[in-house]
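Peer 1: Right, I'll just put the structure down here and ask away after.
The values are calculated or read from the model by the stated rules, or taken from the named source; none is laboratory data. Only a predicted model underlies this, so the values are computations on that prediction, with no experimental measurement involved. FYI the Cβ positions are ideal-geometry reconstructions off the backbone, even for glycines, and counts take in every protein chain you see. SASA here: full protein model, heavy atoms, side chains in, ligands and nucleic acids out. Shrake-Rupley method; radii C 1.70, N 1.55, O 1.52, S 1.80 Å.
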Amino acid sequence: MKNKNIYTKLLLAGSLCLMSGALSSCNDFLTLLPTNQLPEENFWQDESDLDNVRASGYDKLAQPATITKIIQWGELRADNLTLNSISNTDISYLQDAVLQPNNSMFDWSAFYAGINYCNLVLEKGAEMTTPGKEVDPGFTRSDYTKYQAEMTALRSLYYFYLVKSFRDVPYITSSIRTDEQALSIKPAATPGVAILGDCIAQLEAVVNYAPDNYGDNSENKGRFTKKSVNALIADMSLWRACMLKDYMSKEQSTYVNTTDVAATDEQGNATSGYKTADGTTIDNSYCNAQSKIYLEKAKDYAQRVIKQMQDDRDKRIRESTSVVSDEEKNQKYPLYLNDRNSTVITDNAYSKNFGQQNSDESILELQYDGSVTKSTYYNSLYSSYSNNSFVPGTMTLSNVLTSSASTVNPTTGFGKTDLRLIETCYYPSSEASKPISKFIARTVDTGNSEDLTSQQGFSGVSARTSESMDAHWPVYRLTDIMLIKAEAIARLAIVNGVSTDAQKTELLEGFELTNEIFKRNNPALVTTAEAKTNTNKKDLGCSRLDGDAYCKDDKGNINKTGSDLLNLVYRERQREFVGEGKRWYDLVRQAEYSYVSDNKSTSSALAFGSFKSQVTSRLSKLLSLYNPIYVEELKVNGVGYTEGGKLVQNPIWERYTKN
């Protein structure tokens, strides 16, 4: 069908089956399934039925087509990667900020299909375990609460991607089960800031039901646990805080909570604006106060995750039968360490996180086995490996990230000692724009960690071939959570100032969180004091390794600000998460926070990136940073397109809409 109505694609015939086709009983059942309804009395009979649909929710997200959209929306609009061939007009238009609503790149139907799986599990699980009416004696309400936490989190993650990409979207929390139902509903868009608020409240209500351990490491990393639910709350809270900032002065601002009501006067007549359910007026004063609350929430939930991972690390050390170094025992954050005493090293952190996978630093990653399920999108978008060489795909690494590689601590991009330089790209390539090796490489070795740009800088690699692409998709890992906390600290310091001892201590912690990640990835660097006393290290001194002294003057007074920290966090995030679908979203989040104070301009946010002048001109308004609604959606639920339609095109992209 040409019109790709999301609501007819949510759960119609065949959509209950797992991607792998492993459910033969489900396949048999579906051969008899009418196209307009599900004979539910023949299906939801025991926990395994519920668990199969639960698994389908993850499978839908892990499909290469779905992840490709996340990369397009969250990475390719940004400045980390550059188009390898201008013949790809879709990506060329995307990077030139000419977003065309008729492009299927903006089709969000897969996300709503995944959401519907979650809604089904939540609804049917509750029905199946109603006290006194259980359909499976071995499946009780207490068993269901684990599914409730997991599916609430997965549904929230789906919505999080949609909000970050489109801002205001339909918010559907009940399942669609028939063709007639799918065709009849025409929901309006709900403000993204309200969706995030509702999702966070739901997650906080169920987080303690989430399992700590499924009994298998791939399950612990591939499904939502208490740790990954906390991570999602931290991330969504940071985003909501930025969206709330001066919200009522932004374009198309309405309400900020799903429970808000239209304002009325004393006689009950409608007036302009909204009020909370308890009668508080929704204005910038309210929104900015809430913004601070959510920054605190982001910081606190990030710390919960870090503490959980620290406890896990300490337990591993206690139970380890191998010799554990004093540095590993005493480090404040449970990061993998790289050898700081040799110039010839294997990048331990990369091989554990991206080679072996499901690492100790991993919090949530989508799983691929390289056989039944393959992450082929890495090969098509980034590169492939054959004949001992990396072959560029659609994208290559932007020169912005390699142009200052002769220094040790550039503001933007990789320095000559930053292992992420050779983790991310095949630097020895003769091409000016380097092939992306991240995810394709399993291990990375260097013969000269003091200068990775030298002939010995990249000394060896083992890599995945396209026939065995089992690279996982990282949703959250430890460094992400560390930088979420550091960003929340930075934004709170900007708002509150840094005058009390507690505020100073917190700011120092923010720099420490950021600099520890930089230190791990630059094992050859030394403190400035060591560089002064060691002739062999004089060119490797870096003040970022100086601890608290990095933030203090000669008299011991802090001479750094929240803005300094925020800038450092954004530069570190750019280096750390290349190719992971986060870069564009980082810039949008900053734009949400600073838009009004920058005279309703995205200039300060885009200044964190490197864009052509014509691109920044096209992206000057906040709504321009979000995607257009796919025109096929408007044909079935658009104002002016169909009777009863409620969706309105993003006005920035209306001029490119082709009916």
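Peer 1: Return one number: the angle in degrees, 0 to 90 and rounded to the nearest 10, between the long axis of the Cα atoms of helix 478-496 and the longest principal axis of the Cα atoms of the chain.
Peer 2: 90
Peer 1: ³J(HN,Hα) across the range 587-593 via Karplus (A = 6.51, B = -1.76, C = 1.60, θ = phi - 60°), whole Hz, x for Gly/Pro?
Peer 2: 5, 5, 4, 5, 5, 4, 6
Peer 1: Under a 5 Å amide H to amide H cut-off, with H placed in plane at 1.01 Å, what residues pair with LYS552 once short-range neighbours are removed?
Peer 2: ASN559
Peer 1: Can you give the accessible area of TRP73 in Å² (nearest 10), computed on protein heavy atoms with a 1.4 Å probe?
Peer 2: Around 0 Å² of this residue is reachable by solvent.
Peer 1: Using only alpha carbons, build the gyration tensor for the range 256-324 and give me the equivalent ellipsoid semi-axes, biggest first, whole Å.
Peer 2: Gyration-tensor ellipsoid for the range 256-324: 50, 10, 6 Å.
Peer 1: Quick one: what do you get for the range 514-586 if you divide its Cα Rg by 2.2 N^0.38 Å?
Peer 2: 1.29
Peer 1: Next question. Return the sequence-ordered ³J(HN,Hα) values of the range 73-84 in whole Hz as given by the Karplus equation 6.51 cos²θ - 1.76 cosθ + 1.60 applied to θ = phi - 60°, using x for Gly and Pro.
Peer 2: Once θ is set to phi - 60°, the couplings for the range 73-84 become 6, x, 10, 6, 6, 8, 10, 6, 10, 10, 5, 7 Hz.
Peer 1: Name the residue farthest towards the positive end of the dipole of the range 322-394 from the options ASN330, SER386, TYR350, assuming +1 on Cβ of Lys and Arg, -1 on Cβ of Asp and Glu, about the Cα centre.
Peer 2: Farthest towards the positive pole: SER386.
Peer 1: To continue, here is another question. I'd like the accessible area for THR190, computed on protein heavy atoms only with a 1.4 Å probe and all protein chains in place. Round to 10 Å², please.
Peer 2: About 20 Å², ignoring ligands and nucleic acids.
Peer 1: Relative to 2.2 N^0.38 Å, what does the C-alpha radius of gyration of the range 594-659 come to as a ratio? Two decimals please.
Peer 2: Rounded to two decimals, the normalised Rg is 1.37.
Peer 1: Which residues does a label at THR407 reach in the range 443-486, if reach means a backbone N under 20 Å from a point 7 Å past the Cα toward the Cβ?
Peer 2: Only 450-454 pass the distance filter.
Peer 1: Using only Cα atoms, tell me the angle between helix 226-244 and the longest principal axis of the chain; keep it within 0 to 90° and round to the nearest 10.
Peer 2: 90
Peer 1: Mind listing the Cα extents of the range 109-258 along all three principal axes, in Å, largest one first?
Peer 2: So the extents along the principal axes, rounded to whole Å, are 54, 39, 27.
Peer 1: A further question follows. Which entry in (i) 183; (ii) 207; (iii) 236 matches volume of the Cα convex hull per residue in Å³ derived from the coordinates of this structure?
Peer 2: Of the labelled values, this structure produces (i).
Peer 1: Output the peptides 303-309, 432-438 sorted from most to least packed, where packing is the average of other Cβ atoms within 10 Å over each peptide's residues.
Peer 2: 432-438, 303-309
Peer 1: Going by a ≥ b ≥ c, the root eigenvalues of the Cα gyration tensor, does the range 354-443 fall in the rounded group (a/c under 1.5), the prolate group (a/b larger than b/c) or the oblate group?
Peer 2: In terms of gyration-tensor shape, oblate.
Peer 1: State the answer as a single residue: which of THR140, LEU244, ASN522 lies farthest towards the positive end of the charge dipole of the chain, with beta carbon charges of +1 for Lys and Arg and -1 for Asp and Glu, about the Cα centre.
Peer 2: In the chain, that residue is ASN522.
Peer 1: I've got another one for you. Please calculate the 1.4 Å probe accessible area of LYS519, with all protein chains present, and give it to the nearest 10 Å².
Peer 2: Only protein atoms counted, so the area is about 70 Å².
Peer 1: Oh, and also: Across the range 318-325, in residue order, what do the Karplus-derived ³J(HN,Hα) couplings come to in whole Hz, using 6.51 cos²θ - 1.76 cosθ + 1.60 with θ = phi - 60° and x for Gly and Pro?
Peer 2: 4, 8, 6, 9, 9, 6, 10, 5
Peer 1: Just check the range 544-611 against the gyration tensor rule for me: Cα atoms, a ≥ b ≥ c as the square roots of the eigenvalues, rounded for a/c under 1.5, and otherwise prolate or oblate depending on whether a/b exceeds b/c.
Peer 2: oblate
Peer 1: In nm, to one decimal, how far is the modelled label at SER604 from the one at ASN536, with both set 7 Å along Cα→Cβ?
Peer 2: Between SER604 and ASN536, the label points sit 4.7 nm apart.
Peer 1: GluC sites (Glu not before Pro), restricted to the range 411-512: which are DSSP loop and have at most 15 other Cβ atoms within 10 Å?
Peer 2: Listed in order of number, the matching sites are GLU431.
Peer 1: From largest to smallest, what semi-axes in whole angstrom does the range 387-531 give when each is the square root of 5 times an eigenvalue of its alpha carbon gyration tensor?
Peer 2: That gives 33, 19, 13 Å for the three semi-axes.
Peer 1: Which of the residue pairs LYS582/LYS646; LYS60/LYS352; LYS69/LYS582 have a Cα-Cα distance greater than 22 Å in the structure shown?
Peer 2: Cα-Cα > 22 Å for LYS582/LYS646; LYS60/LYS352; rest within.
Peer 1: Rounded, prolate or oblate: pick one for the range 207-316, where a ≥ b ≥ c are the square roots of the eigenvalues of its C-alpha gyration tensor, a/c under 1.5 means rounded, and failing that, prolate if a/b is larger than b/c, else oblate.
Peer 2: prolate
Peer 1: Moving to a separate point now. Got the relative contact order for the range 359-429 handy, in percent, Cα pairs under 8 Å and 6 or more residues apart?
Peer 2: It rounds to 15 percent for the range 359-429.
Peer 1: Just flag the GluC sites (Glu not before Pro) in the range 558-659 sitting in loop per DSSP whose Cβ has no more than 13 other Cβ atoms within 10 Å.
Peer 2: GLU643
Peer 1: Find, among the GluC sites (Glu not before Pro) in the range 169-278, those assigned to loop by DSSP (not H, G, I, E, B) with at most 11 other beta-carbon atoms within 10 angstrom.
Peer 2: Sites meeting the loop and neighbour criteria: GLU251, GLU266.
Peer 1: Below 8 Å between Cα atoms, with a sequence gap of 6+, how large is the relative contact order for the chain in percent?
Peer 2: 17
Peer 1: Given a 1.4 Å probe and heavy atoms of the protein chains only, how would you sort LYS612, LYS537, largest accessible area at the top?
Peer 2: Ranked from most to least accessible, the order is LYS612, LYS537.
Peer 1: Apply the Kirkwood formula to the range 47-134: the hydrodynamic radius equals the inverse of the mean of 1/r over all pairs of different alpha-carbon atoms; give it in Å with one decimal.
Peer 2: Value: 15.5 Å, from the Cα pair sum.
Peer 1: Related question: For LYS245, LYS374, give me the order by solvent-accessible area with a 1.4 Å probe, most accessible first, ignoring ligands, DNA and RNA.
Peer 2: Final ranking, largest accessible area leading: LYS374, LYS245.
Peer 1: Which of the lysines could a cross-linker span from LYS292 if the Cα-Cα distance has to be under 22 Å and same-chain partners fewer than 8 positions apart are dropped?
Peer 2: Within reach: LYS164, LYS245, LYS250, LYS275, LYS485, LYS504, LYS560, LYS600.
Peer 1: So what is the 222 nm mean residue ellipticity for the chain from helices alone, if each DSSP H run of at least 4 adds -39500 (n - 2.57) and you divide by all residues, rounding to the nearest 500 deg cm²/dmol?
Peer 2: -13000 deg cm²/dmol
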